[in-house]
Amino acid sequence: ITICGDGGCGKSSITLRLVRSQWTHEYDPTIEDSYSLTRRIDGQTYHLSLTDTAGQEEYRGMWASSNLRSDAFLLVYDITNAASLEVLQEFNDLIEIEAETRGDAGGPVKPIKIVAGNKCDLQESRQVPAQVGLEWARKRGCGFMETSARNTVNIEETFALIVRRV
């Protein structure tokens, strides 16, 4: 599972909340971190490999080459920053191009894509209504959840949704 999105939208916070049950308010830009964990979902044990990727534009070339072979993608935006939803189009385009290449090579089916509107605990600063995020996701064949890494809202549920779809 590759986790992607704009810088500062909460990718690492979501990842660390899932992997270590921790949250920090400090922003430390990620270049790339990988984690392995085991989760029991619907009575079955799954081994998950997560890649927390760079959101900063200067690292996106590196992102494209190494992470496009994932089975699933979690596309994260910040509900308090409308531009972070627009940035997801760039990641979605890269994923779609890779999916076409896989199909042409007779490879595995299209990867699963879930969109997460993060920071849903910051309702007073919301710029992106949930309906807008949901429609963006639906138009691109993605599942949708709103999450809060700070308050542990829909973190386990989002990854369970990914596993069920893969």
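Here, each number is a calculation from the coordinates, and none is a lab measurement. Quick caveat: nothing in here was measured; it's all calculated off a predicted structure. Positions of Cβ are backbone-derived with ideal geometry, glycine not excepted, and every protein chain shown enters the neighbour counts.
For a quick size check, give me the Cα extents of the chain along its three principal axes, largest first, whole Å.
Over the chain, Cα extents along the principal axes are 47, 36, 30 Å.
For Cα pairs less than 8 Å apart in space and 6+ apart in sequence, what is the mean separation divided by the residue count of the stretch 2-165, i.e. the relative contact order in percent?
On the way: 278 pairs, mean separation 40.2, N = 164.
Averaging sequence separation for qualifying contacts and normalising by length gives 25 percent for the stretch 2-165.
Springs between alpha-carbon atoms under 10 Å, Gaussian network over the chain: tell me which of 102, 140, 20 tops the mean-square fluctuations.
20
Name the residue farthest towards the positive end of the dipole of the stretch 2-165 from the options 7, 109, 89, assuming +1 on Cβ of Lys and Arg, -1 on Cβ of Asp and Glu, about the Cα centre.
109
Just going by the charge dipole of the stretch 2-165, with Lys and Arg at +1 and Asp and Glu at -1 on Cβ, which of 147, 80, 125 is farthest out on the positive end?
147
For n ≥ 4 DSSP H runs only, could you compute -39500 (n - 2.57) per run for the chain, divide by its residues and tell me the 222 nm figure to the nearest 500? Write out the running numbers ahead of the final one.
Numbers: 5 runs with 62 residues, N = 166.
For the chain, the value works out to -11500 deg cm²/dmol.
Going highest first, how would you order 2-10, 72-80, 43-51 by mean Cβ packing within 10 Å?
Values: 2-10: 23.8, 72-80: 25.9, 43-51: 12.8.
Answer by packing, highest mean first, reads 72-80, 2-10, 43-51.
Kirkwood Rh over alpha-carbon pairs of the stretch 87-166, then Stokes-Einstein at 4 °C and 1.567 mPa s: what D in µm² s⁻¹, rounded to an integer?
Working: Rh = 13.9 Å.
Value of D from the Cα-based Kirkwood radius: 93 µm²/s.
What's the lysine pair count for the chain at a Cα cut-off below 18 Å, pairs eight or more apart or interchain? Provide the component values of the computation, followed by the final result.
Details: 11/113; 11/119; 110/139; 113/139.
Close lysine pairs found across the chain: 4.
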